[in-house]
Amino acid sequence: MTPITIRSVRSIVTAPEGRPLVVVRVDTSEPDLYGLGCGTFTQRALTVAHAVDTYLGPWAQGRRVDDIEDLWHSAMASTSWRNGPVLNAALSGVDMALWDIKGKLAGMPCYSLWGGKSREAAAVYRHADGESLDELVDNVARFVDEGYRFIRCQWGGYGGMALGASETTAGRFPNPLVRSPDGSRPGEYFDPYTYRRRVPRMLERVRAEFGTSIELLHDVHERLSPIDALRLAKDVEPFDLFFLEDLLPPEQIEWLRLVREQTTVPIAISELFTHPLEWLPLITQRWIDFIRIHISQIGGVTPALKVARLCEWHGVRTAWQDPKDVSPIGHMANLHLEVHAHNFGIHEWGGWGENAPEVFHGLPDVRDGYMYPNGSPGWGMEIDEDAAAHFPATAQTLAISDIRLPDGTSVWP
Ligand code: GCO
Ligand code: MG
């Protein structure tokens, strides 16, 4: 029997909610047999698209769609230097598309290919925020009323940066809540000391309002020095968090040993990780409780399955990163991993937005705090390319790229 091969690979970049998403379509030697994958790196989406269309696509042509494992390794080896976020995102798009094809050929959802479901749906957490604690409490109450039990709480965005944000747009002024030297350069200023002291106050208020009827999460987003991060982890212990996320930047992950030795706060990290050498020690040393990898950043579902298996043996649960800069196809791939793997933790979801349903068809249903796969073969998703073209993506770097301390020091968020 003649093996089915890759006939063409192309990127589809669209921004239905304003943040560029990268979808990769793989067409095969079989008429009408194709797959879709997510290769989103929103801050460099057009660069990923170029990597797909100029390099990876032509390289993949003629290769067998069945041999995903071999193609993934060959693609990684094809650049000699180890892939970074851009090339991994390109590879993720192809990798997920090949799993989509494999599911279609087998007539099965991808989770069935891997051994079936451990649960019918994935519990979801939502993002509650507020410039005031009253506003935050109102937003938490709204999600509780909608049936969500897991809620991430932030007070004024990451690092409290949005507090007083009306004056800190695009670097027009330093944050009025922050005193900076004369002549400080533009940027998004925040005060880490104010932020660190506000977090326990925020959690105390939310617990006072909702008790232990809901599970709370918080994202530090790498805004503190290592010692202040350790102090925060100790300060939030009384509030019984589901997890505390990105307490430290990748550059300081060795500090997690001290966090582990001194606190019992459940730790979630790794959305910024690219290479196995970043997550291996955290998992094997049992320094973390939830893996938060952004799956396109490590090259797709093929490596993510391996990470999930490693985590299972070390008591670590999955919480794949799923914010608004993962395409609905990426969300669906995460969801298949989540209903399948025994060591599932939680699914992050920021809502589909107003326009995404016009572009992406087959969106998973979300009911009473759970996200349900649609049971169709492969991922069970389609993209309307005409609708996608209504939301062109521009080259953009999001505001996240210019964070500064009160004295103007640049911060890696
Ligand atoms: C999260 C992440 C996101 C990222 C953002 C970067 O927990 O989902 O921290 O908010 O910062 O997606 O573009
Ligand atoms: Mg995060």
Checklist entry - Which of the residues that make up the stretch 236-280 are crowded, with 18+ Cβ neighbours inside 10 Å, closer than 18 Å to residue 192 by Cβ and charged (D, E, K, R)? => result 245, 246
Checklist entry - Looking only at the stretch 254-278, which residues are more than 16 Å from ligand 1 (Cβ to nearest atom), closer than 23 Å to residue 411 by Cα and not charged (D, E, K, R)? => result 255, 256, 258, 259, 275
Item to check | Candidates 247, 232, 216, filtered to the one that is within 14 Å of ligand 2 (Cβ to nearest atom), under 30 Å from residue 147 (Cα atoms) and in the same structural domain as residue 133 (by TED's automatic domain parsing) | outcome: 247
Next on the checklist: So, restricting to strands (runs of 3 or more DSSP E) that lie completely within the stretch 1-100, which ones have at least 2 residues that are of a type in the set (Ser, Thr, Tyr)?
Outcome noted: 6-14
Item to check | In the stretch 179-199, the residues that are at pLDDT 95 or above and in contact with a strand residue (DSSP E or B) (Cβ under 7 Å, 6 or more places away or on another chain) | outcome: 199
Checklist entry - Identify, please: which residue in the stretch 134-164 is over 22 Å from residue 351 (Cα atoms) and either hydroxyl-bearing (Ser, Thr, Tyr) or buried (at least 20 other Cβ atoms within 10 Å of the Cβ) (or both) and is, among those, nearest to ligand 2 (Cβ to nearest atom)? => result 159
Checklist entry - When residue 311 is evaluated against the numbered criteria (1) away from ligand 1 (no atom under 16 Å from the Cβ); (2) farther than 28 Å from residue 241 by Cβ; (3) hydrophobic (A, V, I, L, M, F, W, C), which criterion, by number, is the only one it fails? => result (2)
Checklist entry - Which residue pairs have Cβ atoms under 9 Å apart, sit 6 or more places apart or on different chains, and have a first residue in the stretch 213-236 that is free of Cβ contacts under 8 Å to residues at least 60 places away in the same chain and hydroxyl-bearing (Ser, Thr, Tyr) and a second that is more than 11 Å from ligand 2 (Cβ to nearest atom) and outside any strand (DSSP E or B)? => result 225/192; 225/252
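The values are calculated or read from the model by the stated rules, or taken from the named source; none is laboratory data. Everything numeric here is computed off the predicted structure, so don't read it as measured data. All Cβ positions, glycine included, derive from the backbone under ideal geometry; neighbour counts span all protein chains shown.
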